[in-house]
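Okay, structure first, notes after.
The values are calculated or read from the model by the stated rules, or taken from the named source; none is laboratory data. Not measured: the values here are computed from a predicted model. Virtual Cβ from ideal backbone geometry, glycine too; neighbours counted across all protein chains shown. Surface accessibility is based on the protein's heavy atoms, side chains included, excluding ligands, DNA and RNA. Shrake-Rupley method; radii C 1.70, N 1.55, O 1.52, S 1.80 Å.
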Amino acid sequence: MSDLPALSRRRFLGATSAIGLTGVFGAGTTGTALAADGNSVVPVNWPGLGSYPGADAAGKRVTAILAGSSRYLIGPWYAATYTHYLPDGYIDLKGTDERAVRLPAMAAVAATTALVTDTYDPRTLSAANAAIRTRNLIRTLAARHRANNTDTATRWGNGWQTALWAYYTALAGWLFWDRLAADERDHLAAMLVWEADRLTTGNDVHLIGTGGEQLYMTRRDGTVVTPGDSKAEEDNWSAAALSLAAVMMPNHPNAARWTRRNVELLLAAAARPADLTSDRTINGIRLSTWLRGTNIADDGTLHNHARLHPLYMVAFDQSLYQGFVFGLANRAAPKAALHNITHTYAALVDKPFPLPGGGTSPIYRENSAEIYYPEGNDWGTHFPFYFGNFDLLVTLTGQDTGIDPAAAKWERLHNNAQLSLMSRFTDGRTYGATSENTYYGREHRIGAMAGQAYLTLFLSRNSTGNRLRWA
């Protein structure tokens, strides 16, 4: 276990009043404008959320992971990455690609969550200085989005993954709303609306967005559109941006469209062949008549990177995070976010796969934190929190009914293994050798997951009653 201070108090610290938006979109937007009347961001009602001491076993583990990860990201990583302000007062993102935008956005989610929930560990950097750095990340990312920036050399947006980057940035900004200036709030809203509208304006609703991205790996007739490449992850990260836009701006003229599109993408993400003939109706959508393809198999497995890939099976964490997003606004999340999660989780825990030397094993090895990758793993060797995070979400949403062992057992095993990785270092990081996790945003991914897992825990176990609801 990492040497983290005892933190007995877990409460949200933040603004309580609504903030109107007075700005309009800059060049490069879809032409929609936000006015102050009726189209404002509704901040989180922090006092109404009560408190969460984090004293339960799972809470202690996730608190330790979040505290360590956020301390590293806003401390040593930030200091090494951003050394000066540009003439316009923003930090230099050093590009417009995933490395330049997604990584600081994920770091901002970790830092804001730790700061507003009083789980931040100030041993490396004071909370006051951490807040300054966190605000720098949020305001720079939002200002550089194409909704607010006409400079083609420095603006980002309108890409296959940019809805996810906007989601991270906007979530961090929403959590930090009381720390932001009026123009920074305007930039955040414009950025999120731009990306959400991009996902609702295509002529074919069976494409992800306006760029022609596929919604399904396999069409209804069996034609494989993207061999070995499920569209599940892309669908549910796009849904994330739509859900956050609808929750943050419930009175926006496009909120109903965002809400509907969110449900569509959630259902498409987890669509399996059995759904194509199912008479079930979920959040107003009948599966058999709306779905035109699938992304996972009937047994809950999926393929990505040309292999059966457990890491992408647990990427349905993005769907389950919608529980806390809606919960922060005291609203029920759509049941579409839970669609087929039980099938995928059962495939992790109970489905046997052949072992190279004979015999079989599930992906979750018996009484072990080790993961079996039936067709190999091209991302590295150490991913316990990817699975521990998913285990926790499955536990909190009750999606392990009938599965043995239950998700809570696996959460303990996997998250204790994560803490063991972190205990090797004094600065809060998780990884050492590149081979452990080859993704260049590996520390940032841990931080973003930890922040969202903690928020889900809070909404499940806060003192005002369970606000993790589905309808």
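At a glance:
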quantity	calculated
Solvent-accessible heavy-atom area per residue, rounded to whole Å², over the chain at 1.4 Å	35 Å²
Inter-probe distance in nm under a simple model that places probes 7 Å from Cα toward Cβ, at SER361 and THR124	3.3 nm
Percent accessible area from carbon and sulfur atoms, the chain, protein chains only, probe 1.4 Å	51 percent
For the chain: span of alpha carbons on each principal axis (Å, largest first)	63, 54, 44
Protection proxy ranking of 186-193, 52-59, 293-300 - average other beta-carbon atoms within 10 Å, highest first	186-193, 293-300, 52-59
Cα pair distances exceeding 23 angstrom across segment 343-441, given as percent	30 percent
Rg and Dmax [Cα atoms of segment 46-148; Å; Rg one decimal, Dmax integer]	14.9, 48
Karplus-derived 3J(HN,Hα), 6.51/-1.76/1.60, for each residue of segment 375-381, Hz, glycine and proline x	10, x, 9, 8, 9, x, 10
P(r) of segment 273-327 over all Cα-Cα pairs, binned every 5 Å from zero, in whole percent	4, 16, 18, 19, 22, 16, 4, 0
Hull shadow area, averaged, segment 164-216 [alpha-carbon convex hull, nm²]	4.0 nm²
Highest to lowest packing among 379-391, 355-367, 124-136, scored as the average C-beta count within 10 Å	379-391, 124-136, 355-367
Vicinal HN-Hα couplings computed from phi for segment 443-455 (Karplus, 6.51 cos²θ - 1.76 cosθ + 1.60; Hz; Gly/Pro x)	5, 5, 5, 4, x, 5, 5, 4, x, 6, 5, 5, 4
For PHE353, residues with placed amide H under 5 Å, excluding near neighbours	SER361
Euclidean distance between Cα centres, segment 58-95 to segment 344-391, Å	31 Å
Compactness of segment 213-274 - radius of gyration and Dmax, Cα, Å	13.4, 41
Charged-residue dipole, Cβ positions (Lys, Arg, Asp, Glu), segment 366-451 about Cα centre, Debye nearest 20	320 debye
Isotropically averaged projected area of segment 92-182, using the convex hull of Cα atoms (one quarter of hull area), nm²	6.0 nm²
Computed helical MRE - 222 nm, the chain, DSSP H runs ≥ 4 contributing -39500 (n - 2.57), nearest 500	-13000 deg cm²/dmol
Order by protection proxy (mean Cβ within 10 Å, highest first), peptides 455-467, 61-73	61-73, 455-467
Quotient of Cα Rg and 2.2 N^0.38 Å for segment 143-182, N being how many residues it contains	1.27
Value in Å of the Kirkwood radius, where segment 252-405 supplies the Cα pairs that are averaged	16.6 Å
For HIS145, residues with placed amide H under 5 Å, excluding near neighbours	TRP156
Long-range HN-HN contacts of ILE371 with modeled amide H, under 5 Å	none
Karplus (6.51, -1.76, 1.60) ³J(HN,Hα), θ = phi - 60°, over segment 256-263, in Hz, Gly and Pro reported as x	5, 5, 4, 5, 5, 5, 4, 4
Distance histogram for segment 169-310 (every C-alpha pair counted, 10 angstrom bins, percent rounded to whole numbers)	12, 38, 30, 16, 5, 0
